[in-house]
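First the structure, in the form of structure tokens, and then the observations on it.
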Amino acid sequence: MADRKIRVLVAKPGLDGHDRGAKIVARALRDAGMEVIYTGLHQTADMIVEAAIQEDVDVVGLSLLSGAHMTLFVDVAKLLKEKGMSDVLVVGGGIIPEEDVPKLKKEGISAVFGPGTHCDEIVKYISENVKR
Amino acid sequence: MKDLTEKVLKGDPRSIARLITLAENNDPVATDAMKDIHSHTGSAHVIGITGVMGSGKSTLISELTQLYRKQGKTVGIIAIDPTSPFSGGALLGDRVRMQQLAMDDGVFIRSMGTRGMLGGLTSAVYDVVEILDACGKDVVIVETVGVGQAEVDIIKIADTTLVVVVPGLGDSIQTLKAGVMEIADIYVVNKADRQGVEQTVAEVESLVDITCSGKERKIPVLSTVAKQSKGIDKLLKEINAHKTYIEKTKQIEKQRRMRYEAELVEIIRKRLMNFIFDESTFKEKIEDLLDKISSKKLDPYTASEEILSKILK
């Protein structure tokens, strides 16, 4: 009798120390019945992908407020693909300018949730779009 | 499926991670793999670390693991945090304290939710210990949830159990109570830079004096400040000394036997529960019985006998 749970890695790549948003989202996903692995601040793309492999997650959620998303989000998505984890859903949040969103989507970040997004919306998106 | 087992035995991280997920989800594929894996286990030293929440278990594990790595040993870590009884979700945060280990391919960390188990562990932990053992890790460290007084299941699985206490959590009566304070092979007084550490150490030592009087081995009491890497090398020496001791006295064989007993009981419990509650034929029957119990036509004991008589033939 298989009973699976959606596992989500919530990580903060880069150098900014603002993790309040990430923690609120992590809690909302927890309350939606998901298993959330929170890795903390100052993660490199390599660290995030390594943790994603070991934890065998279905989703990687990235939060970044420093402006380096075009580099760091894209690095994570690329590295996941390189390691054969293209079935992992990658989503992002934080301070992301509107015009960057289409570019991020092209690079494999499936959805971007900016300030003001309801947690329910994120939960719904993840539940409906998990790839495995 | 032989393929997955082979890759796990070769130490492929993705396959190890996948098999752990399958085992956690009670997937039949995992059952087959676990059957093949058992004969490859037994060489890892399994260390259990338990203690109240916030006592510094994760940080201690991070420090210990770095020392093991300096000695060339590979380490598997199972970090358990509680699953919500309300939502079924969990926030697994032990990795935050283990950042130093993040890029070391000699270390495999897996975070797990308790998924309904009491006792400080999770039902699949036996499988995960076997998987990490079989894939070649020299040491497997199991971190329990932050415990209260009575979560003592860790001794069923660990060769060496560490109980972590911190200063300021109560007087000597607390150390005399039954439960967690009875299960240590080594006591660790962490956060030893805090006020009141002398008193805590003295109370634990006096507990040890009482419990170990006349015994061959006296349980060591060690002070550490994990965050500043203080006292960790001494702790590692004591852990290794305990391993040597249980090997010499053959106590390890008894303990392993106890682990397999606990594992066997857990597998039977799980499969029996699935059989009773998930098979479609039983489900209808149970609904019917519940109706009768609710309307007082039947009592719960008689109802249970009706179900059990179908299994116990």
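The values are calculated or read from the model by the stated rules, or taken from the named source; none is laboratory data. In this text, all values refer to a predicted model and were calculated from it rather than measured experimentally. Because the Cβ atoms are built from the backbone with ideal geometry, glycine has one as well, and the counts that use them run over all protein chains shown.
Listed by position, the helices (runs of 4 or more DSSP H) inside region A:35-118 whose residues that are within 14 Å of another protein chain (Cβ to nearest Cβ) and surrounded by 24 or more Cβ atoms within 10 Å (Cβ to Cβ) number at least 2 are A:45-55. In region B:272-313, of all residues being under 20 Å from B:Asn26 (Cβ atoms) and of a type in the set (S, T, N, Q), the one that is surrounded by the most Cβ atoms within 10 Å (Cβ to Cβ) corresponds to B:Asn274. Summed over region B:164-183, residues that are part of a helix (DSSP H, G or I), surrounded by fewer than 18 Cβ atoms within 10 Å (Cβ to Cβ) and either aromatic (Phe, Trp, Tyr) or under 17 Å from the mean Cα position of the chain (by Cα) (or both) total 1.
For region B:23-34, the criterion of a residue being away from chain A (no Cβ under 12 Å) and within 22 Å of the chain's Cα centre (by Cα) is satisfied by at least one position. Residues of region B:226-267 that are free of Cβ contacts under 8 Å to residues at least 60 places away in the same chain, in a helix (DSSP H, G or I) and either aromatic (Phe, Trp, Tyr) or in contact with a strand residue (DSSP E or B) (Cβ under 8 Å, 6 or more places away or on another chain) (or both): B:Lys234, B:Glu238, B:Tyr245, B:Tyr260. Number of residues in region B:18-55 that are within 30 Å of B:Val188 (Cβ to Cβ) and either aromatic (Phe, Trp, Tyr) or surrounded by fewer than 20 Cβ atoms within 10 Å (Cβ to Cβ) (or both): the value is 6. Residue pairs whose Cβ atoms lie under 9 Å apart, separated by 6 or more positions or on different chains, with the first residue in region B:141-169 and within 29 Å of B:Lys248 (Cα to Cα) and the second crowded, with 22+ Cβ neighbours inside 10 Å and among the basic types (Lys, Arg), are B:Glu143/B:Lys57; B:Thr144/B:Lys57; B:Leu162/B:Lys57; B:Val164/B:Lys57. Exactly one of these conditions fails for B:Leu4: (1) outside the structural domain of B:Ile157 (by TED's automatic domain parsing); (2) within 18 Å of the chain's Cα centre (by Cα). Give me its number. Condition (2) is where B:Leu4 drops out.
The rows are residues; the columns are (1) within 14 Å of chain A (Cβ to nearest Cβ); (2) of a type in the set (D, E, K, R); (3) in contact (Cβ under 8 Å) with a residue 24 or more places away in the chain.
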{"site": "B:Leu92", "(1), (2), (3)": "yes, no, no"}
{"site": "B:Arg97", "(1), (2), (3)": "yes, yes, yes"}
{"site": "B:Met103", "(1), (2), (3)": "yes, no, no"}
{"site": "B:Met112", "(1), (2), (3)": "yes, no, yes"}
{"site": "B:Leu118", "(1), (2), (3)": "no, no, yes"}
{"site": "B:Leu121", "(1), (2), (3)": "no, no, yes"}
{"site": "B:Tyr126", "(1), (2), (3)": "no, no, yes"}
{"site": "B:Cys135", "(1), (2), (3)": "yes, no, yes"}
{"site": "B:Val139", "(1), (2), (3)": "no, no, yes"}
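A Cβ distance below 8 Å, combined with a sequence gap of six or more or placement on separate chains, defines the contacts here; from region A:118-132, residues that are within 11 Å of A:Leu89 (Cα to Cα) and at pLDDT below 95 reach residues that are surrounded by fewer than 14 Cβ atoms within 10 Å (Cβ to Cβ) and among the acidic types (Asp, Glu) in the pairs A:Lys131/A:Asp87; A:Arg132/A:Asp87. In region B:1-11, the residue that is surrounded by the most Cβ atoms within 10 Å (Cβ to Cβ) out of those that are of a type outside the set (Lys, Arg) and in contact (Cβ under 8 Å) with a residue 12 or more places away in the chain is B:Val8. Of all residues in region B:207-226, those that are out of contact with any helix residue (DSSP H, G or I) (no Cβ under 7 Å at 6 or more places or on another chain) and modelled with pLDDT under 95 total 9.
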